[in-house]
Amino acid sequence: MWQLTEVQRLKTRIVAGLMSGTSMDGIDVCICEIQTDPWQCCWLTAQTIPYSEGLRFSLSQSQGNLAQIAHWHRQIGEAFAEALATVLADFPTELHLIGSHGQTVYHEHQKTTLQLGEAAFLAERFGCPVVSDFRIHDVAVGGSGAPLVPYVDARLFGHLQRSLLALNLGGIANFTLVADGQAITALDCGPANMVLDELARLFSRGKTQIDRNGYWAGQGRVRREWLEYLMNHYFIHQPPPKSAGREQFGGLFVQELINHTNPGSTTSWYDLFATVTHFTAVAIFDHYQTWIKPQQEITEVIVSGGGVHNPILMQELAQIFHPIPISTSAKYGINPDSKEALAFAILASERIDGKPTNIPAVTGAKRPVLLGKITEL
Ligand SMILES: Nc1ncnc2c1ncn2[C@@H]1O[C@H](COP(=O)(O)OP(=O)(O)OP(=O)(O)O)[C@@H](O)[C@H]1O
Ligand SMILES: CC(=O)N[C@H]1[C@@H]2OC[C@@H](O2)[C@@H](O)[C@@H]1O[C@H](C)C(=O)O
């Protein structure tokens, strides 16, 4: 059993980070060792544990009355604890601290944000302090509560002493500009996998959740008029600070896209996959050109998130950013599938050391604040 004050005194801590992103595909778990002075983080193990089908389906409907929300809060907390127990069964270690992002179930830019998954279930099961609910304090000081990974991008890539984009391809595509060892700015750019996943569900009539390895996109061609329609979405042209989620690019957006494009044949479905995949790359590049390049040219794009497994998307990015090289975070020893989980382990450790981790230039907050609430034993 670890008390908060004891963990605060440790110069080297074993910390677990837990995250379920907008794709709601499962719970990403990462265990790492963090040294506080000089700061160093060493990745130990990571795994993604799928949500049970029932919970995933229920969450993806994203409509809940108060009773439903209260049950989700407990069920997600227990599912996160179960996921961590599964990883610890394969990698037995003592844990000093847990950082748990929970599941975002609602997010409205600079107005409110809600992550579910009660931390007390984790604290009780693993006998250590848990930091959770990372976003809302930033909202309380006028920020959007997202993105929070930029602080970590600076920690992980700042030492490279180059200007680079750390790009994450999760449900949403977002990047951080790291230059001079700092996170200068960061943006959500639009969907990465969220729209493709929903299209895959509809096209396969629920048999698959993803366009695996870009198989369908690879057989289609980009339709200019559809691309134009997608690029006209208000979010693409909104100035930063900006953050997105299912509210912008979830089921409703996809339904409107289907109504607009009306894909009748298999060929037109393939074209839709190709166009949306291309749109993802174009929207990312467009955000770079508009908001980053005028102030800072970059020398590399370091990609993480599930989208690294989609070769068509990665090819599109390589072509559009050429001659700027595209690599994955694996090149720097960071598993692309667990960077965000690792991030919440790092944010938790900073929290108990009393370090503010929101970046006002990124979220629009009035000032830096401590992110996350601590559940103690
Ligand atoms: N082999 C693959 N082929 C194509 N796409 C893949 C493959 N493997 C994973 N993906 C995509 O990656 C997604 C999961 O990515 P990730 O776990 O990074 O998202 P997330 O963390 O939920 O999202 P966010 O970062 O926006 O919160 C899947 O939903 C899928 O679309
Ligand atoms: C409100 C919320 O959960 N936002 C997520 C989401 O998923 C990607 C993007 O949109 C990013 O803004 C954020 O997550 C990452 C982990 C972040 O805070 O940096």
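Of interest is the spacing of the C-alpha centroids, which for the stretch 280-323 and the stretch 1-37 amounts to 30 Å. Taking the longest Cα principal axis of the chain as reference, the axis of helix 339-352 is set at about 30 degrees. From most to least packed by mean Cβ count within 10 Å, the peptides 303-312, 258-267 give 303-312, 258-267. Taking 0.36 nm per residue of sequence separation and removing the Cα-Cα distance, the Leu66/Glu82 pair yields an extension gain of 3.3 nm. Qualifying trypsin sites (Lys or Arg not before Pro) in the stretch 188-240, where qualification requires a DSSP coil assignment and no more than 13 other C-beta atoms within 10 Å, comprise Arg205, Lys207, Arg221. Values of log10 I(q)/I(0) for the stretch 1-159 across q = 0.12, 0.15 Å⁻¹ run -0.55, -0.87, by the Debye formula with one identical scatterer at each alpha carbon and no solvent. If a paramagnetic tag sat 7 Å from the Cα of Asp180 along the Cα-Cβ line, which residues of the stretch 137-162 would have the backbone N under 19 Å from that point? Within reach of a label on Asp180, which here means backbone N under 19 Å from a point 7 Å along Cα→Cβ, the stretch 137-162 contributes 150-162. For the stretch 246-286, with equal point scatterers placed on the C-alpha atoms only and solvent neglected, what are the log10 I(q)/I(0) values from the Debye formula at q = 0.14, 0.15, 0.33 1/Å, to two decimals? The computed values of log10 I(q)/I(0) come out as -0.35, -0.40, -1.06. Ordering Leu187, Leu18, Leu59, Leu4 from the fewest to the most neighbouring beta carbons within 10 Å gives Leu4, Leu59, Leu187, Leu18. Which entries of Lys242/Lys293; Lys331/Lys373; Lys111/Lys207; Lys111/Lys339; Lys111/Lys355 have Cα-Cα distances beyond 29 Å here? Pairs exceeding 29 Å: Lys331/Lys373; Lys111/Lys207.
Here the Kirkwood formula puts the hydrodynamic radius of the chain at 20.9 Å, using every distinct Cα pair. Residues His107, His137, His322, ranked from the fewest to the most other C-beta atoms within 10 Å, line up as His322, His137, His107.
How much length would be gained if the chain were fully extended between Arg221 and His260, taking 0.36 nm per residue of separation minus their Cα-Cα distance, in nm to one decimal?
Taking 0.36 nm per residue and subtracting the Cα distance, the gain is 12.3 nm.
Among beta bridges identified by DSSP and lying wholly in the stretch 151-332, the antiparallel ones come to about 65 percent. Distance between the pseudo-spin-label points of Met231 and Thr290 (7 Å out from Cα toward the beta carbon): 1.1 nm.
List, in order, the whole-Hz ³J(HN,Hα) value for each residue of the stretch 44-51 obtained from phi through the Karplus relation with A = 6.51, B = -1.76, C = 1.60 and θ = phi - 60°; use x for Gly and Pro. Along the stretch 44-51, the couplings run 9, 7, 7, 7, 10, 10, x, 5 Hz. Projected label points at Thr299 and Leu10, each 7 Å from Cα along the beta carbon direction, are separated by 3.7 nanometres. Against the empirical curve 2.2 N^0.38 Å, the C-alpha radius of gyration of the stretch 117-185 lands at a ratio of 1.39. Thinking of the stretch 212-320 as a set of Cα atoms, what percent of all their pairs are more than 20 Å apart? When every Cα pair of the stretch 212-320 is considered, 46 percent fall beyond 20 Å. Our note on the geometry: Cα centres of the stretch 128-174 and the stretch 232-251, 18 Å apart. Set the Cα radius of gyration of the stretch 151-332 against 2.2 N^0.38 Å, with N its number of residues, and you get 1.02. Can you tell me what percent of all Cα-Cα pairs in the stretch 283-360 are more than 19 Å apart? Beyond 19 Å sits 52 percent of the P(r) for the stretch 283-360.
Restricting to the chain, compute how many DSSP beta bridges are antiparallel as a %, nearest 5. Antiparallel: roughly 70 percent of the beta bridges in the chain.
Using the per-residue mean of other Cβ atoms lying within 10 Å as a proxy for protection, in what order, highest first, do the peptides 158-165, 357-364 fall?
So the order, starting with the most tightly packed, is 357-364, 158-165.
Of all DSSP bridge pairs formed entirely within the stretch 70-167, close to 60 percent run antiparallel. Remark: Lys373, Lys331 ranked as Lys331, Lys373, counting other beta-carbon atoms within 10 Å and listing the fewest first.
FYI, it's all coordinate maths here, none of it is from the lab. None of the values given here were measured: they were computed from a predicted structure. Glycine also receives a Cβ, built like all others from the backbone with ideal geometry; neighbour counts cover every protein chain displayed.
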